[in-house]
1. In the range 49-79, what residues are of a type in the set (D, E, K, R), farther than 30 Å from Ala181 by Cα and not in a helix (DSSP H, G or I)?
2. For Val44, work out the one condition from (1) in a helix (DSSP H, G or I); (2) among the β-branched types (Val, Ile, Thr); (3) within 23 Å of Phe114 (Cα to Cα) it doesn't fulfil.
3. Sort out for me the helices (runs of 4 or more DSSP H) sitting completely within the range 107-174 that have 1 or more residues that are under 21 Å from Ile20 (Cα atoms) and in contact (Cβ under 8 Å) with a residue 12 or more places away in the chain.
4. Select from the range 128-186 the residues that are out of contact with any Gly (no Cβ under 9 Å at 6 or more places or on another chain), β-branched (Val, Ile, Thr) and over 25 Å from Thr85 (Cβ atoms) and list them in ascending order.
5. Taking the range 1-48 as the search range and keeping residues that are farther than 20 Å from Gln178 by Cβ and polar (S, T, N, Q), which one is most open to solvent (accessible area, probe 1.4 Å)?
6. Looking at this structure, is Val187 within 22 Å of Thr105 (Cβ to Cβ) and assigned to a helix (DSSP H, G or I)?
7. Restricting the search to the range 50-67, which residues are in contact with a helix residue (DSSP H, G or I) (Cβ under 7 Å, 6 or more places away or on another chain) and open to solvent by 40 Å² or more (accessible area, probe 1.4 Å)?
Amino acid sequence: MTEPLRLDVWSDIACPWCYIGKRNLEAGLAQTRADAEPPEVEIVYHSYELAPDTPPDYDGSEVDYLAERKGVSREQAQQMIDRVTEVAQGSGLAYRYDLLHHANTGKAHRLLHFAKENGRQLELVERLMSAYFTEGRHVGEDDELVRLAVDAGLDADAAREVLATDRFGLEVRRDQAQAQAYGITGVPFYVIDGTYGVSGAQPADAFAQILRQVWSERRSSPETEPAATA
């Protein structure tokens, strides 16, 4: 039996293009399910902090943050937000930047490794991104993160214990080191079978095409072991 394709995804839950890419990837996978031999895919998320220097309690709006971070005017920052909101809508996502609470995502990344250890990583990735971009939840605050972890099927006390320590901090740093080794400078970034790199929130059709291609190559060479990944 052919092993599933491994799809390693570097992303940040506070990255608007990462959530769009997630939806497009899901749509691309849905397209392949009608194939005679649809690709089997195992998705693993990895940590990439876009702004690790963000303070735990950033008081400004997303317009404030973008204007400061990118060195642009508030009008230009608003145009950036309007553009990504429109693209997100095309992928079925209703971004609410009027509610968004910009936050440091370091704790959330550690919690995602805890979720991975407990077989709930995909559920927590979705819950965190939805909470951040569509509900205005504070994903840098312990109590809020615990509630979101419970929503994803994790134990509240165990999640709180992770947040109270530096547990899984090493795993986060390893992900970031692997991203640097791959030459990843922005997210989302996808590594398929440890061999093919795909950058950016590609359309659903593009995801479907590359997955079909790699799956076909794998099935035609069943003796070949996939390259190791982080």
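1. Filtering the range 49-79 for residues of a type in the set (D, E, K, R) gives 49, 53, 57, 59, 62, 64, 68-70, 74-75.
Still in the list and also farther than 30 Å from Ala181 by Cα: 57, 59, 62, 64, 74-75.
Of everything in the range 49-79, those that are of a type in the set (D, E, K, R), farther than 30 Å from Ala181 by Cα and not in a helix (DSSP H, G or I) turn out to be Asp57, Asp59.
2. (1)
3. Values: elements: 121-134, 142-151, 156-163.
So the answer is 121-134, 142-151.
4. Val146, Val150, Val162, Thr165, listed by residue number.
5. Taking the candidates together, the pick is Gln31.
6. Numbers: within 22 Å of Thr105 (Cβ to Cβ): yes; assigned to a helix (DSSP H, G or I): no.
Spelling it out, it is not the case that Val187 is within 22 Å of Thr105 (Cβ to Cβ) and assigned to a helix (DSSP H, G or I).
7. Residue satisfying the conditions is Pro52 alone.
Every residue, every condition in (1) modelled with pLDDT under 95; (2) among the basic types (Lys, Arg), yes or no:
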| position | (1), (2) |
| --- | --- |
| Tyr132 | no, no |
| Arg167 | no, yes |
| Arg173 | no, yes |
| Ala179 | no, no |
| Ile192 | no, no |
| Ser199 | no, no |
| Pro222 | yes, no |
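The values are calculated or read from the model by the stated rules, or taken from the named source; none is laboratory data. Here the structure is a predicted model, which is why all the values come from computation and not from measurement. FYI the Cβ positions are ideal-geometry reconstructions off the backbone, even for glycines, and counts take in every protein chain you see. Heavy atoms of the whole protein, side chains included, go into the accessibility calculation; ligands, DNA and RNA do not. Shrake-Rupley method; radii C 1.70, N 1.55, O 1.52, S 1.80 Å.
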